[in-house]
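Down below is the structure, laid out as structure tokens.
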Amino acid sequence: MTKRDFLAIDDLSSAELADLIALARSMKIGRYRERPLEGKTLAMVFAKSSTRTRVSFEVGAYQLGGHALFLSSRDIQLGRGELIKDTARVLSRYVDGIMIRTFDHADVEELAGNASVPVINGLTDLLHPCQLLADLLTIEESLGGIGNRVVAWIGDGNNMANSWLNAAALLGFELRLACPKDFLPDAEILARAKSKTKVLVTSDPSEAAAGAHVVNTDVWASMGQESEAEMRVAAFRDFSVTPEVMQCAAQDAIFLHCLPAHRGEEVDEAVFEGPQSRVFDQAENRLHAQKALMATLMS
Ligand code: CP
Ligand code: NVA
């Protein structure tokens with residue numbers, strides 16, 4: 001059997017994605033008792049910080065009967081210049097799957113191309129597909145599915161925005177993005193999504209949020225952009241999710257944020273802590289969604 005990687009949300013078909021979300025739900029409610037990772041190990045290579053991704057993969061692997069190995073890229077030879085293709089081939093001799101969080105998406109593609117075990121993208125500068133699995137699970141629980149729902153993205157055209165575009169292209173829902181003009185999503189990903197579904201790009205958060213069922217944001221400066229933080233605070237000043245922006249959305253709209261969050265920047269405290277916020281369910285759902293992913297790819 002050929003190995004399957006998960007580098008982008010559309011590495012799954014829409015039917016496979018639906019099955020994966022259903023599996024994650026049955027895991028969450030305790031109906032699933034199998035241990036498909038018995039005797040198996042996931043290597044987790046991190047070149048960037050993480051709380052949710054690291055802990056949810058490690059706990060998830062354990063709960064499925066397996067083991068996860070935390071490898072900081074600073075501590076393994078990759079950080080001293082060992083080639084990605086060599087690292088891929090060596091790790092493949094020991095472990096049954098590799099999760100990697102790094103900067104350049106091409107590095108993850110190179111790892112996947114040279115590994116003989118499944119490779120999972122745990123975030124790159126371009127994409128964060130594991131987060132989308134948890135977000136779709138949260139939408140399923142809160143709104144009964146993505147169906148014909150409208151999703152609004154307010155803020156940076158970053159790895160999360162790109163991942164939402166890929167999800168919209170795959171599943172066909174409407175996506176509206178409010179981004180400052182110099183911080184648009186990846187042009188190729190945007191063009192592809194536009195060719196497949198209804199996508200609006202605006203510089204007005206209220207226009208994006210109007211009638212939306214999901215209002216979504218992320219930090220103004222992602223990991224690796226720390227030196228731009230001050231400049232970004234100025235550029236994104238009008239791109240906060242405020243109670244006024246939430247007022248424009250549908251009455252039963254939910255607020256999502258992949259976390260970590262900066263209150264008073266991309267989201268107001270009142271929205272973050274308010275009744276429409278699902279951010280901690282969303283964080284929990286990383287665990288269930290990734291268990292379903294590991295069970296699908298590694299068993
Ligand atoms: N949302 C997310 O990926 O969080 P971490 O950076 O803590 O893993
Ligand atoms: N866009 C953020 C997501 C963090 C989970 C980053 O890349 O830092």
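Among the conditions (1) outside any helix (DSSP H, G or I); (2) within 16 Å of ligand 2 (Cβ to nearest atom); (3) open to solvent by 50 Å² or more (accessible area, probe 1.4 Å), Val55 misses just one, which is (1).
Only a single item in (1) open to solvent by less than 60 Å² (accessible area, probe 1.4 Å); (2) more than 16 Å from ligand 1 (Cβ to nearest atom) is not met by Lys291, and it is number (2). Residue count for the stretch 27-52 satisfying the condition of being within 29 Å of Ala261 (Cα to Cα) and either more than 16 Å from ligand 1 (Cβ to nearest atom) or open to solvent by 50 Å² or more (accessible area, probe 1.4 Å) (or both): 7.
Only one of the listed residues (Ala221, Ala210) is more than 27 Å from Asp252 (Cβ to Cβ) and open to solvent by 20 Å² or more (accessible area, probe 1.4 Å). That residue is Ala221. Only one entry in Leu111, Leu132, Leu126 is away from ligand 2 (no atom under 16 Å from the Cβ) and either touching a helix residue (DSSP H, G or I) at 6+ places or on another chain (Cβ under 9 Å) or at pLDDT 95 or above (or both), namely Leu111. Applying a threshold of 6 Å to beta carbon distances and a minimum spacing of six or more residues, or different chains, the list of pairs starting in the stretch 182-207 at a residue that is open to solvent by 30 Å² or more (accessible area, probe 1.4 Å) and ending at one that is part of a helix (DSSP H, G or I) and among the polar types (S, T, N, Q) reads Asp186/Asn162.
Okay, residues lined up against (1) surrounded by fewer than 21 Cβ atoms within 10 Å (Cβ to Cβ); (2) within 24 Å of Gly60 (Cα to Cα); (3) within 16 Å of ligand 1 (Cβ to nearest atom); (4) free of Cβ contacts under 8 Å to residues at least 40 places away in the same chain:
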position: His128; (1), (2), (3), (4): no, yes, yes, no
position: Gln131; (1), (2), (3), (4): no, yes, yes, no
position: Leu137; (1), (2), (3), (4): no, yes, yes, no
position: Gly144; (1), (2), (3), (4): yes, no, no, yes
position: Ala152; (1), (2), (3), (4): no, no, no, no
position: Gly155; (1), (2), (3), (4): no, no, yes, no
position: Asn158; (1), (2), (3), (4): no, no, yes, no
position: Asn166; (1), (2), (3), (4): no, no, no, no
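Could you list, in sequence order, all residues of the stretch 78-125 that are in contact with an Asp or Glu (Cβ under 9 Å, 6 or more places away or on another chain), open to solvent by less than 50 Å² (accessible area, probe 1.4 Å) and either assigned to a loop (DSSP other than H, G, I, E, B) or of a type in the set (Asp, Glu) (or both)? Result: Thr102, Ala115, Val117, Pro118, Thr124.
The values are calculated or read from the model by the stated rules, or taken from the named source; none is laboratory data. This structure is a prediction, so every number in the text was calculated from the model and none was measured. Positions of Cβ are backbone-derived with ideal geometry, glycine not excepted, and every protein chain shown enters the neighbour counts. Only protein heavy atoms, including side chains, enter the accessible area calculation; ligands, DNA and RNA are left aside. Shrake-Rupley method; radii C 1.70, N 1.55, O 1.52, S 1.80 Å.
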